[in-house]
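The values are calculated or read from the model by the stated rules, or taken from the named source; none is laboratory data. All values derive from a computational prediction rather than experimental measurement. Note that each Cβ is placed from the backbone with ideal geometry, even for glycine, and that neighbours are counted across all protein chains shown.
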Amino acid sequence: MNENRPVNLDLSKFSFPFPALVSITHRIAGVILFVGTIFLLCALQDSLESAESFAAIKNSMTTGFGSFITWGLLSALAYHFVAGIKHLVMDLGIGEELKSAQIAASLVVVISGVLIVLAGVWVWA
Amino acid sequence: MGVSITNFSRSGLSDWLIQRFTAVVMALYTVFIVGYILSTPGLDYSQWKEFFECTGVRIFTLLALISVVAHAWIGMWIISTDYIKPAVLRFAFQATCFLTMFVFLVWGIDIIWGL
């Protein structure tokens, strides 16, 4: 066995290129969505229980602190969705060169940024 | 890279494929639900309940839920093997994720079909 293999890479000492930051954010958004599934299932349950609980969950999802959870989850969903589509496109062999990968990463940030703003309009307007 | 002895399907290729398939299912479901809500202004309880009483909507919702659980399992497993080095901690994290997903699945089925 080769004893000179690099081991225990210290991620905190890396300088990450832009597409790598887009990628790690995709992972973070995924974890947020996993945890957020608890809220989504609670909301689905309440919304289907009765007219009163439908009105109550609608109110708590669109006002106060709850509206920030709704917007946060929609934002994570929008980002994970767009970054995921980039993944699928890259599976087709598109966007694998340095330049095209940087363009693709920028597109993910711009498109998901627009969707996140629109999600805010949806929740609060 | 270590040998993956604990991932669910025991094959990186099938993990890769499941991750893509479930992603497409969830993307379509997201567009479907967001599209329904946006195209139904003033959505009220009776419309919403009627919508989820459709067998097709229930099946699609269950398919999306199973996709969430499978996709999240593969994703969280990859994250745990990338960032959590101590084996005991990693196993505890994976076990917690697994139990959480099991609860999501059973709870979700109860919500969708237990009306």
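Determine, yes or no, whether residue A:88 is buried (at least 18 other Cβ atoms within 10 Å of the Cβ), under 16 Å from the mean Cα position of the chain (by Cα) and not charged (D, E, K, R). No. Scanning the stretch B:79-115 for residues that are in contact with a Ser or Thr (Cβ under 7 Å, 6 or more places away or on another chain) and at the interface with chain A (Cβ under 10 Å from one of its Cβ atoms) returns B:104, B:112.
Might you let me know whether the stretch B:25-32 holds any residue that is over 19 Å from residue A:45 (Cβ atoms), among the small types (Gly, Ala, Ser) and either exposed (fewer than 12 other Cβ atoms within 10 Å of the Cβ) or more than 9 Å from every other protein chain (Cβ to nearest Cβ) (or both)? No - not one qualifying residue is present in the stretch B:25-32. Report yes if residue B:59 is without any contact (Cβ under 8 Å) to a residue 24 or more places away in the chain, closer than 20 Å to residue A:37 by Cα and more than 9 Å from chain A (Cβ to nearest Cβ), otherwise no. So residue B:59 passes the test.
The condition (being under 26 Å from residue B:97 (Cβ atoms) and either without any contact (Cβ under 8 Å) to a residue 24 or more places away in the chain or in a helix (DSSP H, G or I) (or both)) is satisfied by just one residue among A:60, A:75: A:75. For the stretch A:36-59, the set of residues classified as more than 19 Å from residue B:33 (Cβ to Cβ) and more than 9 Å from chain B (Cβ to nearest Cβ) consists of A:56, A:59, listed by residue number. Just one of the numbered conditions (1) among the hydrophobic types (A, V, I, L, M, F, W, C); (2) at the interface with another protein chain (Cβ under 9 Å from one of its Cβ atoms); (3) assigned to a loop (DSSP other than H, G, I, E, B) is not true of residue A:94: (2). In the stretch A:7-35, the residue that is modelled with the lowest pLDDT out of those that are more than 12 Å from chain B (Cβ to nearest Cβ) and not in a helix (DSSP H, G or I) is A:14.
Can we say residue B:87 is closer than 22 Å to residue A:43 by Cα and either of a type in the set (A, V, I, L, M, F, W, C) or touching a Phe, Trp or Tyr at 6+ places or on another chain (Cβ under 6 Å) (or both)? The answer is no for residue B:87.
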